[in-house]
Amino acid sequence: MVFPIIMFDEIFLLILAGMIALLFSWAFKTLPGEDWQIIACLPGRKGPDGTWNGVNLTYYGFFNALAYVLAVVMFLLMMGALGVTIAGALSVVMPVLMICMWAARFIARWVEKKPHTFSVGAASFVGIIIAPMIIVWVNLTLGRWWAFRIPVTQTMAAMLIAYAVGEGMGRLACISFGCCYGKPLADGHPLMKKIFHRMNFVFRGKTKKIAYAGQLEGRAVIPVQALTAVLYTGTGLISFYLFLKNFPLLALILTLLVTQIWRFASEFLRADYRGRGRISAYQIMTLLAMVYILIMMPLISESYHALPDLMMGIISLWDPGLIIFLTALGGVAFVYTGKSDVTCSSINIQIIKKNI
């Protein structure tokens, strides 16, 4: 009986990693294609010529919704493994999530001076800044009223792990829309050409952002989105294992440093507009976020609680209300991030007379 208990964490992690690897393998080959940008067109207003003005829903929204739901599930799984109730965990993660969704659009508009854009970098910066304060606030208010306590260090580790896995998955959205694209290989250093000679992206489609904003359709570019997806997800899974083995501080620091250092470094590989200056505002935010957490954690951290129990966390997710909530969250994220403001369509609805 001891062997299966010891191996359960490892088996679960390997299955999860294998599923993500299969998805990434398919996505990296498929999503740069032209037919993987728009998932649906819905009729809007009817024009004078008899056609309908279409509302485009994108795979960008679909994969972002998948990323949001996966991140929340990962967070709730880890909190459930600690014995924290779903209500207690949601009281922490939902304020962070709502503020981050708002920040992703607002800060991107401020930095890039464009009205229709998002930035995961802006959202992650705001989330890292506000998360410790929200955890402490919840403990001082709801925790006292409802008699529960959120462990600060473990919860911060769980948030960063969930963020890493979620953003890694969310980079599939960027591939499908052609945004956050890398520099063209033809203009790069010989070493870059050698490294990415076979592993590169070639985007197709005039409505991809890399085409209309960067004029790089059909050209081989550095696959920054794929590199981020693999690095973030891999780091998240390794840190998840450390979390389960009761090394939350190590998991927290590892996830923080890898994700934020890569965010800073990867911007030098990108060709999309990131604001003025050689060092972008997002890179400055990244450095500030790292310093902030490294200063804050010794001040608010506390002794660890019980050893995480993965099975208990899985059981805690099996709740009809939670499943409905996650479905609603995915729907809201899909509409919020997936309704395209930079593309349009015309829908001509006709009768097929031979089928009458």
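No value in this document is a laboratory result; all are computed from the given coordinates. Treat the numbers as computed from the prediction; the structure is a model and nothing was measured. Because the Cβ atoms are built from the backbone with ideal geometry, glycine has one as well, and the counts that use them run over all protein chains shown.
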To make sure I understand, if each residue's beta carbon is the centre and we count other beta carbons within 10 Å, what order do Met7, Met169 fall in, fewest to most? Met7, Met169
Remind me, relative contact order of region 34-322 in percent, using alpha carbon pairs under 8 angstrom and six or more residues apart? 24 percent
Helix hunt in the chain: which complete DSSP H runs extend at least 24 Å axially by C-alpha with mean Kyte-Doolittle at least 0.0? 2-30, 59-81, 86-112, 120-140, 152-177, 224-244, 248-266, 281-300, 320-338
Hey, fewest Cβ within 10 Å first, where do Trp318, Trp146, Trp52, Trp36 land in order? Trp318, Trp146, Trp52, Trp36
Exposure proxy order (Cβ contacts within 10 Å, fewest to most) of Cys174, Cys179: Cys179, Cys174
With 23 Å as the limit, write out which pairs from Lys46/Lys354; Lys206/Lys354; Lys46/Lys209; Lys183/Lys209 have Cα-Cα distances beyond it, or answer none. Lys46/Lys354; Lys206/Lys354; Lys46/Lys209
Which aspartates and glutamates have a Cα less than 20 Å from the Cα of Lys193, not counting those fewer than 8 places away in the same chain? Glu217, Glu267, Asp272
Ser345's amide H: which non-local residues (gap 5+, or another chain) put their own amide H closer than 5 Å, with H modeled 1.01 Å from N in plane and none for Pro or chain starts? Gly54
Over its Cα atoms, what ratio of radius of gyration to 2.2 N^0.38 Å does region 34-322 give? 1.09
